[in-house]
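Report on the following structure.
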Amino acid sequence: MGIISSDISKAVELLNANEVVAIPTETVYGLAASIYSEEAIRKIFEIKQRPLFNPLIVHIHSPEQLPLISTEIPEKAKVLAKKFWPGPLTMILKKKENISDLLTGGKDTVAVRVPDHPIALELLRSLAFPLAAPSANPFNRISPSKSVHVQEYFKDSIQLVLEGGECKRGIESTIVGFENEKVILYRLGSLSVEELEAAIGKIEIKNKKTENPQAPGMLAKHYSPRTKLILTNNWKESLKEHSHQKVGLLLFKDHAQEQKAHETITLSAAGDLKEAASKLYSALHELDSLDLELIIAERLPDNDLGRSINDRLERAAS
Ligand code: TXA
Ligand code: MG
C-alpha cells in the first residue's frame, strides 16, 4: 500500500491532528496544513527543505472566507477575485494580525487563492480552517502534476497524498500584488498576462530572475530537473552539437522529422499552449528519470501560456 488515497475523511482527520497532507489542485499538487497550526506549518518547511523566508499560499474555498485572512482588500482585488476564482490566480494582500509570521515568512502580506479543483474544494469545505500549501516538491525541484510525483518525492515523510488525477492546468498559479492602486505581477503562471489585462487593464510585470526576490518562486534557479537542461530556439542545431551525448528532446509541437535523440517528448502535437502547459512537468519528470546527459528544450512562442512555460524552462536551465 502506498500513501496515495481518495479518502477525504482521512485527510480531514490528519489535518485536524496537525499533520501535513498532499492535496490536488488544478495547477499542481500542494503540501497542505492548517493555517492555524504552527506545528503543522513547520512540518511543511521541514519536509520541503524550504527556507523559512519563503512564504506559503493560503487556500480558501470561496471569497467569503477572505475576511479570515485579510480585511484590506483593494477594489481591483475584488474585481479579480470575482472574475478568476476559483482559479489559478494568487493575490498578495495585507495580512490579518492573527496570520502566523511563519506562514508569511515574516512579511505583513499574505498570499491567497481559491483552487479550482472539486476535491480540494470539498476538503476545504470539510475543515474548520483554510489550508496553507506550497507546491508539493522538495525546494528547487520540479513541481508535481500527478499524485505519483508527490509519492516519489516524499514517501517516507508524509502519510497521505489525496488523489485528484492529473492537474489540468499543470503549472503554478499566477501571482499578483497591489502597489498604489496598480496590479503588479510577481510570478507568471497558469493565468496568462493577456487574460489578466483583458479583465483589469495594463499590469506591471516584476517577474525578474533574481537572488533576492519578492516571491521566491522567482529565484533564478528553480523548477529544476537533475539533468542539465538547455533552452533553445534551434533544437536541431543543438541536437547536432550534442550528438555524442545521450540527449532527451522536449519539443513544443510535432515537427514530423527524424530525430536522433534518445527520447523525444512533444508537449502538444497540435501546438496548443494550454495542452503544452498541462504536460510540461510530467514531461520533465519523465525525462529526468531516464539517466540522460542532457535535455534540449524547444523555446515556445512568447505569448499567452507560452510565456509562462518559457519562464519555467529558463529557470530549469539556469
Ligand atoms: O499553483 C500554486 O500556486 C500552487 C498550488 C499548490 O496552489 N502553490 C504554489 O506554492 O506554487 P509555492 O509555495 O510553490 O509558491 C508560492 C509562491 C512563492 O514564490 C512565494 O514566495 C510566494 O508565493 N508568496 C507567498 N506569500 C507571499 C507574499 N506575502 N509576498 C510575496 N510572495 C509571496
Ligand atoms: Mg513551488
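Among Glu64, Glu72, which is over 23 Å from Val148 (Cβ atoms) and free of Cβ contacts under 8 Å to residues at least 12 places away in the same chain? Working first, answer last.
Values: Glu72 fails: free of Cβ contacts under 8 Å to residues at least 12 places away in the same chain.
None of the other options fit; the residue is Glu64.
Residue-by-condition table, conditions (1) part of a loop (DSSP other than H, G, I, E, B); (2) away from ligand 2 (no atom under 15 Å from the Cβ); (3) open to solvent by 50 Å² or more (accessible area, probe 1.4 Å); (4) small (Gly, Ala, Ser):
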{"residue": "Gly2", "(1), (2), (3), (4)": "yes, yes, no, yes"}
{"residue": "Glu13", "(1), (2), (3), (4)": "no, yes, yes, no"}
{"residue": "Ile44", "(1), (2), (3), (4)": "no, no, no, no"}
{"residue": "Ile47", "(1), (2), (3), (4)": "no, no, no, no"}
{"residue": "Arg50", "(1), (2), (3), (4)": "yes, no, no, no"}
{"residue": "Ser70", "(1), (2), (3), (4)": "yes, yes, no, yes"}
{"residue": "Lys83", "(1), (2), (3), (4)": "no, yes, yes, no"}
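Can you tell me which residue among Gly177, Gly217, Gly201 is of a type in the set (Gly, Ala, Ser), modelled with pLDDT under 95 and open to solvent by less than 70 Å² (accessible area, probe 1.4 Å)?
Details: Gly177 fails: modelled with pLDDT under 95; Gly201 fails: modelled with pLDDT under 95.
Checking each option against the conditions leaves just Gly217.
Which condition from (1) at pLDDT below 95; (2) among the charged types (D, E, K, R); (3) under 15 Å from the mean Cα position of the chain (by Cα) is the one that Asp156 breaks?
Unmet condition: (3).
Test Gly189 against the stated conditions and say whether it is within 13 Å of ligand 1 (Cβ to nearest atom) and either over 16 Å from the mean Cα position of the chain (by Cα) or at pLDDT 95 or above (or both).
yes
Looking at the stretch 121-135, can you tell me whether even one residue there is assigned to a loop (DSSP other than H, G, I, E, B), within 13 Å of ligand 1 (Cβ to nearest atom), under 19 Å from Gly189 (Cβ atoms) and open to solvent by less than 20 Å² (accessible area, probe 1.4 Å)?
Scanning the stretch 121-135 turns up at least one residue that is assigned to a loop (DSSP other than H, G, I, E, B), within 13 Å of ligand 1 (Cβ to nearest atom), under 19 Å from Gly189 (Cβ atoms) and open to solvent by less than 20 Å² (accessible area, probe 1.4 Å).
Restricting the search to the stretch 15-34, which residues are surrounded by fewer than 16 Cβ atoms within 10 Å (Cβ to Cβ) and assigned to a loop (DSSP other than H, G, I, E, B)? Can you show your working first?
Let us first name the residues in the stretch 15-34 that are surrounded by fewer than 16 Cβ atoms within 10 Å (Cβ to Cβ), namely 16-17.
Hit for the stretch 15-34 is Ala17, nothing else.
What is the residue count in the stretch 243-256 for residues that are more than 21 Å from Ser282 (Cβ to Cβ) and in contact with a helix residue (DSSP H, G or I) (Cβ under 8 Å, 6 or more places away or on another chain)?
Selection size over the stretch 243-256: 0.
Identify, please: which residue in the stretch 53-68 is among the β-branched types (Val, Ile, Thr) and within 16 Å of ligand 2 (Cβ to nearest atom) and is, among those, least open to solvent (accessible area, probe 1.4 Å)? If you could, list the steps in order and put the result at the bottom.
As a first pass, look at the stretch 53-68 and keep what is among the β-branched types (Val, Ile, Thr): 57-58, 60.
With the extra rule that they be within 16 Å of ligand 2 (Cβ to nearest atom), the set shrinks to 57-58.
Details: Ile57: 26, Val58: 0 Å².
The selected residue is Val58.
Can you find a residue that is of a type outside the set (Val, Ile, Thr), under 15 Å from the mean Cα position of the chain (by Cα) and open to solvent by less than 40 Å² (accessible area, probe 1.4 Å) anywhere in the stretch 98-110?
no
Of all the residues that make up the stretch 256-276, how many are without any contact (Cβ under 8 Å) to a residue 12 or more places away in the chain and either open to solvent by less than 50 Å² (accessible area, probe 1.4 Å) or among the basic types (Lys, Arg) (or both)?
0
When the residues of the stretch 85-97 are narrowed to those that are assigned to a loop (DSSP other than H, G, I, E, B) and within 22 Å of the chain's Cα centre (by Cα), which ends up surrounded by the most Cβ atoms within 10 Å (Cβ to Cβ)?
Selected residue: Pro88.
Between a first residue in the stretch 119-141 that is farther than 16 Å from Pro88 by Cβ and a second residue that is part of a loop (DSSP other than H, G, I, E, B) and of a type in the set (Lys, Arg), which pairs have beta carbons less than 9 Å apart while being 6 or more apart in sequence or on different chains?
Qualifying pairs under 9 Å: Pro138/Arg50; Phe139/Arg50; Asn140/Lys221; Arg141/Arg226.
For the stretch 111-119, does any single residue satisfy the condition of being of a type in the set (A, V, I, L, M, F, W, C), within 14 Å of Lys48 (Cβ to Cβ) and in a loop (DSSP other than H, G, I, E, B)?
Scanning the stretch 111-119, I find no residue that is of a type in the set (A, V, I, L, M, F, W, C), within 14 Å of Lys48 (Cβ to Cβ) and in a loop (DSSP other than H, G, I, E, B), so the answer is no.
The values are calculated or read from the model by the stated rules, or taken from the named source; none is laboratory data. Note that the structure is predicted; figures quoted are calculated from it, not measured. Here the Cβ is made from the backbone with ideal geometry for all residues, glycine too, and neighbour counts use every protein chain on show. The protein model used for the area step is the full one, side chains on, heavy atoms only, and it has no ligands, DNA or RNA in it. Shrake-Rupley method; radii C 1.70, N 1.55, O 1.52, S 1.80 Å.
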